[in-house]
Amino acid sequence: MAFRFIPHEVKFFDMFDQQAVIITDAAHTFRELAQKGKFDDEAIARLRELEHQGDAITHDIIDTLNRTFITPFDREDIHSFAHELDNVVDMLYTTSKRMRLYKLNEVNDDLVSFSELIVQSVTALCRGIKGLRNHKKPREINEACIEVNQIENQGDLLRDAVIFKLFEKTKDPVKIMKWKEIFESVETVLDICEDIANLMDSILVKQG
Amino acid sequence: MAFRFIPHEVKFFDMFDQQAVIITDAAHTFRELAQKGKFDDEAIARLRELEHQGDAITHDIIDTLNRTFITPFDREDIHSFAHELDNVVDMLYTTSKRMRLYKLNEVNDDLVSFSELIVQSVTALCRGIKGLRNHKKPREINEACIEVNQIENQGDLLRDAVIFKLFEKTKDPVKIMKWKEIFESVETVLDICEDIANLMDSILVKQG
Amino acid sequence: MAFRFIPHEVKFFDMFDQQAVIITDAAHTFRELAQKGKFDDEAIARLRELEHQGDAITHDIIDTLNRTFITPFDREDIHSFAHELDNVVDMLYTTSKRMRLYKLNEVNDDLVSFSELIVQSVTALCRGIKGLRNHKKPREINEACIEVNQIENQGDLLRDAVIFKLFEKTKDPVKIMKWKEIFESVETVLDICEDIANLMDSILVKQG
């Protein structure tokens, strides 16, 4: 029996690692687009590709989950974990599509700041994901979770400051509408990262 | 014991069928309102009635679930399934109320297009719901799920095109605000249908 | 064994009572701010403090849950219950921060009306929470749930009336944007209260 169970355990961690690679790529790609202020068809093609890859691996995880009796941790938690990781990529792709739709082709320093926070948060998160495989190193996960939570707090403050500035300085209501949506979207990416970190933390506690 | 369990199995499928009738009616009603461009008190009364019927049957399902030990599939899945089906009707009613509130009494071709997609999606979904009762015909469910997913993709593209056009052609920011909300609401209906389809698919896999 | 289990049961109810105290305080604080039309730094400091207290107790509940084998009711329900109660405080704090951000320092009668409904809803909810501890008094919970649901219906009607008026009377699109967000936020507080009431109701049924 062990022959059947151990490979399945391993398989889940391998698939989470693949998701980690995808969200890392997506976060770096998004930062690059923000830095260039260029969200045209060509520029977002890479994010669409990553979104498709993310969908495929998430589908694999759920499929494996539905066919596996022994799982490395709670079924519900694996389910939520896979979907939330997928949401990171979806949200970055959706935000980029909105930037193109709204023709916001300009370098916006606040968006660049958000993209930096997203890269930092995703990087910490992926350290935690690697730690999941090895229950004997809970400290890595713990530290990663704390960092992700701190970054989300920074993101909250940044969003408030940025939206305050937006309403103070922009006269055109349509422009306010567009940028408000974008800033709330990128802050949501940090919220999702925080949810994932909290989920990792609770998985750790249950296995304590 | 079989006497007690089998009727319960059947009862759930009967109740899901009742939900299917309600969402089909709601989708057709909404399309009619969109085609007439008429979202006044009288016009939306039918949707309010359907929303009440939907609430009642959802309440019955949850109540039966809480009192039943053997269920045709996972308790959590039945719970989500009933609530998501109810959300379809709620969302159509809410959108109609907003149309009235915003005094958007005009025929909008893009809204008509969305209402067509909603009718198609709900029709496919209801074929799948009927298939649920008969585990031996998984192909029906599978095909229905694929169709619902394709329609949701069309809805995404339509929403993007429509919102692009809205920002390009409309000068009045308040009008943009109103229609943007409406278009996002109807696209959400297609998202909910997709969630329901995916849930059916995973129920099928678990029973494989 | 009973020595271990009973204290845990009691501990959960004690912690829910603490959450009840926090949301009651938050609802009264919010009403006071609305009545004064004053959402500056000093004024919202109390809500920030309550939000921190809410986070701490929610964390304690989840932590206790993860370490406890016998729980007074379904683990999932305890989890949702604690998080939804926390969401009430979060939402009131978030709304207050937005009021400050948008510089909406004026007494708005509609906001005061919403804050009254929130106090009523939270008060009814807390009666229900106290009833949870004593399964022998289901009537208290039931009556509280009915009241919370009725208040949410009033909130829906109020929101519709208020948003209709907003679009009819306000010329400045930016002002519409700001107040629409605020009114939808406060209505969401009533939605969350309704979700909590429905959850209590289903816990009751399961234990019936």
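Can you name the helices (runs of 4 or more DSSP H) wholly within the stretch A:35-143 that have at least 2 residues being closer than 30 Å to A:ALA161 by Cβ and free of Cβ contacts under 8 Å to residues at least 24 places away in the same chain? Spell out how you get there, then give the answer.
Working: elements: A:41-67, A:75-101, A:109-133.
Answer list for the stretch A:35-143: A:109-133.
Residues that are acidic (Asp, Glu) and either more than 14 Å from chain C (Cβ to nearest Cβ) or not in a helix (DSSP H, G or I) (or both) within the stretch A:144-163 comprise just one, A:GLU147. Taking the criterion of being within 11 Å of chain A (Cβ to nearest Cβ), within 20 Å of C:GLU184 (Cα to Cα) and crowded, with 18+ Cβ neighbours inside 10 Å, the residues of the stretch B:175-208 that qualify are B:ILE176, B:MET177, B:LYS180. Residues that are in contact (Cβ under 8 Å) with a residue 12 or more places away in the chain and of a type in the set (A, V, I, L, M) within the stretch A:144-154 comprise A:ALA144, A:VAL148, A:ILE151, listed in sequence order.
Looking for something farther than 26 Å from B:GLU152 by Cβ, under 21 Å from the mean Cα position of the chain (by Cα), within 14 Å of chain C (Cβ to nearest Cβ) and of a type outside the set (S, T, N, Q) - is there at least one such residue anywhere in the stretch B:85-99?
Residues of the stretch B:85-99 that are farther than 26 Å from B:GLU152 by Cβ, as a first pass: none.
No, that holds for no residue.
Within the stretch C:16-57, being surrounded by fewer than 21 Cβ atoms within 10 Å (Cβ to Cβ) and polar (S, T, N, Q) holds for C:GLN18, C:THR24, C:GLN35, C:GLN53.
Each row is one residue, and each column tells you yes or no for (1) farther than 25 Å from B:LEU65 by Cβ; (2) under 16 Å from the mean Cα position of the chain (by Cα); (3) not hydroxyl-bearing (Ser, Thr, Tyr).
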| residue | (1), (2), (3) |
| --- | --- |
| C:VAL122 | yes, yes, yes |
| C:VAL148 | no, yes, yes |
| C:ILE163 | yes, no, yes |
| C:PHE167 | yes, no, yes |
| C:LYS171 | yes, no, yes |
| C:GLU181 | yes, no, yes |
| C:ILE192 | no, yes, yes |
| C:LEU204 | no, no, yes |
| C:GLN207 | no, no, yes |
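Taking into account only those residues within the stretch C:179-193 that are acidic (Asp, Glu) and in contact (Cβ under 8 Å) with a residue 60 or more places away in the chain, which is nearest to C:LYS137 (Cα to Cα)? Spell out the reasoning first.
First pass over the stretch C:179-193, keeping only residues acidic (Asp, Glu): C:181, C:184, C:187, C:191.
Filter once more, keeping what is in contact (Cβ under 8 Å) with a residue 60 or more places away in the chain: C:181, C:187.
Details: C:GLU181: 39, C:GLU187: 30 Å.
Checking each candidate, the answer is C:GLU187.
Results for (1) hydrophobic (A, V, I, L, M, F, W, C); (2) more than 14 Å from every other protein chain (Cβ to nearest Cβ), shown as yes or no for each residue.
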{"site": "A:CYS126", "(1), (2)": "yes, yes"}
{"site": "A:GLU140", "(1), (2)": "no, yes"}
{"site": "A:LYS165", "(1), (2)": "no, no"}
{"site": "A:LYS171", "(1), (2)": "no, no"}
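No other residue among C:ILE78, C:ILE151 is at pLDDT below 95, buried (at least 21 other Cβ atoms within 10 Å of the Cβ) and of a type in the set (Val, Ile, Thr) apart from C:ILE78.
Rundown of residues vs (1) more than 15 Å from C:VAL186 (Cα to Cα); (2) within 12 Å of another protein chain (Cβ to nearest Cβ); (3) of a type in the set (D, E, K, R), yes/no style:
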site: C:ALA26; (1), (2), (3): no, no, no
site: C:PHE30; (1), (2), (3): no, no, no
site: C:ALA45; (1), (2), (3): yes, no, no
site: C:LEU50; (1), (2), (3): yes, no, no
site: C:GLN53; (1), (2), (3): yes, no, no
site: C:ILE57; (1), (2), (3): yes, no, no
site: C:ASN66; (1), (2), (3): yes, yes, no
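If only one of A:ARG75, A:ARG46 is basic (Lys, Arg) and within 18 Å of the chain's Cα centre (by Cα), which one is it?
So the residue among A:ARG75, A:ARG46 that is basic (Lys, Arg) and within 18 Å of the chain's Cα centre (by Cα) is A:ARG46.
The values are calculated or read from the model by the stated rules, or taken from the named source; none is laboratory data. Worth saying up front: this structure is predicted, and the values here are computed from it rather than measured. Quick reminder, even Gly has a Cβ in these numbers, built from the backbone with ideal geometry, and neighbours come from all protein chains shown.
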